[in-house]
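Asker: First, the structure itself, so that you have it in front of you.
Just so it is clear, none of the values below were taken in a lab; they were calculated from the coordinates. Quick caveat, the model's predicted, so the values are computed rather than measured. All Cβ positions, even for glycine, are placed from backbone atoms using ideal geometry, and neighbour counts span all protein chains on display.
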Amino acid sequence: MKFTEHSRLAMHDDDLEVDDVIYAINQDEIIERYPNSKPFQSCLLYGRTRDEKPVHIVCALPSHVDMLIIVTAYLPNQEDWIEFRRRRKK
């Protein structure tokens, strides 16, 4: 597993620890897929930390290596999401 610099900064801003993200990833609920993202396909995962905070994680799984790349991880804004799983229409 590799955390990008962007993900580390976003996690810091939301007081998320690596353990929080790993715990949430293990719940493995894909809520959006980005098949055309570059340089690798990616997806948005929804999970919860051990203390039940909702967390979104954008990750990519390159086909040529066995590594999950954490692009970003953040606490979603409730105003933008329905049950943190579907985007609200604006």
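Asker: Using θ = phi - 60° and the Karplus relation 6.51 cos²θ - 1.76 cosθ + 1.60, list the HN-Hα couplings for the range 56-69 in order, rounded to whole Hz, with x at every Gly or Pro.
Answerer: 10, 9, 9, 9, 10, 10, x, 6, 8, 9, 9, 8, 8, 9
Asker: Between residue 79 and residue 19, what length in nm is gained on full extension when 0.36 nm per residue of separation is reduced by their alpha carbon distance?
Answerer: Taking residue 79 through residue 19 to full extension adds about 19.0 nm, to one decimal.
Asker: Between residue 45 and residues 5 or more places away or on another chain, which pairs have amide H atoms under 5 Å apart, with H built 1.01 Å from N, and which residues are they?
Answerer: For residue 45, the qualifying residues are 31, 57, 58, 59.
Asker: Once phi is turned into ³J(HN,Hα) by the Karplus curve 6.51 cos²θ - 1.76 cosθ + 1.60 with θ = phi - 60°, what whole-Hz value does each residue of the range 70-82 show in order, with x for glycine and proline?
Answerer: 8, 7, 7, 8, 7, 8, x, 7, 4, 5, 9, 10, 9
Asker: Could you identify which residue out of 56, 12, 64 has the top mean-square fluctuation in a GNM of the chain using Cα springs shorter than 10 Å?
Answerer: The residue with the greatest mean-square fluctuation here is 64.
Asker: Right, next: Okay, helix-only estimate at 222 nm for the chain: each DSSP H run of n ≥ 4 adds -39500 (n - 2.57), divide by all residues, round to 500 deg cm²/dmol; what do you get?
Answerer: -5000 deg cm²/dmol
Asker: Select from the chain those GluC sites (Glu not before Pro) which occupy a DSSP coil region and have at most 13 other Cβ atoms within 10 Å, ordered by residue number.
Answerer: Qualifying residues, ordered by number: 17, 52, 83.
Asker: For a quick check of your reading of the filter: which trypsin sites (Lys or Arg not before Pro) in the range 11-60 sit in a DSSP loop and have no more than 15 other Cβ atoms within 10 Å?
Answerer: 50
Asker: Another question, if that's okay. Determine the relative contact order of the range 2-77: mean sequence separation of Cα pairs under 8 Å and six or more apart, normalised by residue count, in whole percent.
Answerer: Relative contact order here is 34 percent.
Asker: State to the nearest 20 debye the size of the charge dipole of the chain about its Cα centre, where the only charges are +1 on K and R beta carbons and -1 on D and E beta carbons.
Answerer: 560
Asker: Still on this structure, please answer the following. Label point 7 Å out from residue 2 along Cα-to-Cβ: which residues of the range 40-57 have amide N under 12 Å?
Answerer: Flagged as within label range: 40.
Asker: What would the Debye formula give as log10 I(q)/I(0) at q = 0.13, 0.15, 0.20 Å⁻¹ for the alpha-carbon point model of the chain, no solvent?
Answerer: Scattering profile of the chain, log10 relative to I(0): -0.40, -0.53, -0.95.
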